[in-house]
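The values are calculated or read from the model by the stated rules, or taken from the named source; none is laboratory data. What you see is a predicted model, and the numbers here were worked out from it, not measured in a lab. For neighbour counting, all protein chains shown are included, and Cβ atoms are generated from backbone atoms with ideal geometry for every residue, glycine included.
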Amino acid sequence: MTFGKAKKEAENVYVNSQSKSFNLLNAVLKLLSDPRARREVGRFFGKIKLFIEMVKEYFQGNYREIPVKTIILITAALIYFVSPADAIPDFIIGIGFVDDGAVIAYVFNSLTEDIESFKSWKEEKDKGPE
């Protein structure tokens, strides 16, 4: 699967379906529970966790300040991440997740403003009323 195909799928299927999006998040979490995958994605694990939080908060209706195009890009990156048939197959030990990491990093770096806004919102939410 290419990132372009993942983006089209995110746009046409996932962005309008909370259940499909939550199934995707569960697939990501399942993949991250695999010790080998977890070890190989170590450098971008935090970015993936943040993406999961953003999609979850969006679909739960808690954080709607995020543009739909951002949800589409994040969802596309997560679809690409869980897809076993991408540019470098994930089963190749040592390099199987290199392309996945590149996609996650690309999306993360292109959404800096939206990510910072989400982090600020989350800090305020976690702080609670003063």
Cross-chain or 6+ apart pairs with Cβ under 9 Å, the stretch 31-60 first and more than 23 Å from Ala10 (Cβ to Cβ) and at pLDDT below 95, then among the hydrophobic types (A, V, I, L, M, F, W, C) and assigned to a helix (DSSP H, G or I): Arg38/Leu31; Arg38/Leu32; Arg38/Phe45; Glu40/Val98; Arg43/Ala105
Criterion (of a type outside the set (Asp, Glu) and not in a helix (DSSP H, G or I)) met by exactly one of Gly4, Gly46, Gly61: Gly61
Whichever residue in the stretch 15-38 is farther than 20 Å from Leu73 by Cβ and loosely packed, with under 11 Cβ neighbours inside 10 Å and, among such residues, is farthest from the chain's Cα centre (by Cα): Pro35
Selected residue (only one of Gly61, Gly42, Gly4 is within 14 Å of Gly101 (Cβ to Cβ), small (Gly, Ala, Ser), loosely packed, with under 12 Cβ neighbours inside 10 Å and out of contact with any helix residue (DSSP H, G or I) (no Cβ under 6 Å at 6 or more places or on another chain)): Gly42
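Matching residues to (1) modelled with pLDDT under 95; (2) of a type outside the set (A, V, I, L, M, F, W, C); (3) exposed (fewer than 12 other Cβ atoms within 10 Å of the Cβ):
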position	(1), (2), (3)
Leu73	no, no, no
Ile88	yes, no, no
Ile92	yes, no, yes
Phe108	no, no, no
Glu123	yes, yes, yes
